[in-house]
Amino acid sequence: MNLPSARPLSRRNSVALLLAIACVAVLQAAEAPPSAAPTYTGRPRNFDESKVGPYTLPDPLVLDDGRPVHDAETWLKQRRPELIRHYENEIFGRVPARAPKVSWAVAETEAGALGGKARRTRAVGTFGEGDRAVKVTMNLYVPAEAPGPVPVILHLSFFSDSAQLPTDAENEAANRPSWARPTELGPAPEMLARGYGYALLRYTDIQPDVFTSNAAGVQALAYAPGQIKPAPDEWGAISVWGWAASRALDFLTTAPGVDASRVALVGFSRLGKTALWAGAHEPRFALVFAACAGEMGSALSRRDFGEMVDDIQARFPWWFAGNLKKYVGHWNDLPVDAHELIALNAPHPVFLTAGTKDLGADPRGMFLAAVAAGPVYRLLGKKDLGVTQMPPVETPVITGSLGFYFHAGPHVVSPEDWKVFLAFADLHLKPAR
Ligand code: GCU
């Protein structure tokens, strides 16, 4: 490639360049903490606990018409459907009636996978029909020897197998931070030894994760003639990914050696948001692990700390229902908040993680959401988080149906997160070793 040869800078240009560099330096120095992420809306993100300000959370146990919810039946028959409707209409978008039919086929089996420890099944889901059908791969590992059907950890992930860990260039092209992903995958040998199966489903097989996402994937299969994007209350990408996780669960109900009544859904970050929404929608998931799920996942939206509705809507509008736009700058008007997304998973257990250096995802906001989901768990006869003060770093809180672990480090699924998650899962899914 021929590049124009570098010309020496004129004196005037050099002064302009120096001024520009100085301006950038001053602007950078003026930013709150040096780690503060850039703002995407002109509104700087707050990383100062003393500036969070007061907020009032909606009460999950008060119906929209103001009547209190005193019993499990009113929760299940009235309040829960109300909250689901709010999430469908305003936040994640509902599944359209034209959602494609899905069929699964086993494409390959391998008896001695993972050094002989597992039987691997590669299943392919066909969403829709004909040339436009979307193919989704799931790799399922079950222990080579198990006394009976095993519980499965279904991981909606950035990859569907470890062989697919991407290069930095691929991460960059897909708008993913390169450091975040390699530890995302779980410790498969450990899971198998503990008596779990492990299934991996790659999210971008289902719906692309780019600005132009609407034009392709499963969403495009569901358009009415002439439609080019989902209606404002129809599914954004998070709803599509979550719905597809339910379709993967459909396959698991037919897979030999799997106990589909004990499937834990796992997702990290944007996929942690997805896992919480999928678990809220799909009572067949027995447990949800949402790692560093942050804004519009496990962190309270009304708490003005780190990423806010404004940022996420500006940067990732395709993740959500078009209606979410209404709440930019008005997050206190949201009909729901993260504690209710967590509570919609009740009575099934939910495990959340946060990282000391993942301030953008608001660790304290995630903890407080888990605390505020407690009344719904208690109403359904389950034990809540058991603490109301943020636990010290690296101190698992896993005595109830809500679990929380605050790892030392950034926005990752750390090896310790996996260990604590497996201890939590053991208590609830009771694998036979
Ligand atoms: C961005 C986004 C977060 C999200 C994360 C991820 O950082 O702002 O809300 O959780 O991507 O999915 O990695």
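Number of Lys-Lys pairs in the stretch 306-433 with C-alpha atoms under 24 Å apart and a separation of 8 or more places or on different chains: 6.
Applying a DSSP loop filter and a limit of 16 other Cβ atoms within 10 Å to the trypsin sites (Lys or Arg not before Pro) in the stretch 72-115 leaves Arg98, Lys101. Across the chain, the relative contact order, built from alpha-carbon pairs under 8 Å that are at least six residues apart, equals 17 percent. Inter-part distance, the stretch 224-266 to the stretch 307-334, computed on C-alpha centroids, equals 23 Å. Just so you know, the Cα atoms of the chain work out to an Rg and Dmax of 22.6, 80 Å. Taking trypsin sites (Lys or Arg not before Pro) across the stretch 102-162, none is in a DSSP loop with at most 10 further Cβ atoms lying within 10 angstrom of its Cβ.
The residues neighbouring Gly294, those whose beta-carbon lies less than 11 Å from its own, together hold a net charge of -3 under the Lys/Arg +1, Asp/Glu -1 convention. Other residues whose C-beta falls under 9 angstrom from the C-beta of Gly360 contribute a net charge of -4, scoring Lys and Arg +1 and Asp and Glu -1. At 18 Å minimum axial length over the Cα atoms and a Kyte-Doolittle cut of -1.0, report the qualifying DSSP H helices in the chain, or say none. What comes out of the filter, once short or polar helices are dropped, is 11-30, 237-252, 415-429. Within the stretch 57-429, DSSP assigns beta bridges of which about 45% are antiparallel (rounded to the nearest 5).
Across the stretch 84-95, rounded Karplus estimates of 3J(HN,Hα) from the backbone phi angles (6.51 cos²θ - 1.76 cosθ + 1.60, θ = phi - 60°) give 4, 4, 4, 5, 5, 6, 10, 10, 9, x, 8, 6 Hz, Gly and Pro being marked x. Considering only GluC sites (Glu not before Pro) in DSSP loops that have at most 13 other Cβ atoms within 10 Å, the longest stretch of the chain without any of them is 146-433.
Counting chymotrypsin sites (Phe, Trp or Tyr not before Pro) as exposed when in a DSSP loop with at most 13 other beta carbons within 10 Å, what is the longest stretch of the chain free of them? The longest such stretch corresponds to 212-433. Of the solvent-accessible surface of the stretch 214-262, computed with a 1.4 Å probe over protein heavy atoms with every protein chain present, carbon and sulfur atoms account for 60 percent.
Only one residue of Leu249, Met296, Val266 has its Cα farthest out toward the positive end of the dipole of the stretch 238-355, where Lys and Arg carry +1 and Asp and Glu -1 on Cβ, and that residue is Leu249. Average accessible surface for the chain: 44 Å² per residue, computed with a 1.4 Å probe over protein heavy atoms with every protein chain in place. For the chain, the residue among Val62, Thr353, Ala113 whose Cα projects farthest onto the positive side of the dipole built from Cβ charges is Ala113.
The values are calculated or read from the model by the stated rules, or taken from the named source; none is laboratory data. Source: prediction; values computed, not measured. Neighbour counts run over all protein chains shown; Cβ positions are idealised from the backbone, glycine included. Ligands, DNA and RNA are excluded from the accessible area calculation, which covers all protein heavy atoms including side chains. Shrake-Rupley method; radii C 1.70, N 1.55, O 1.52, S 1.80 Å.
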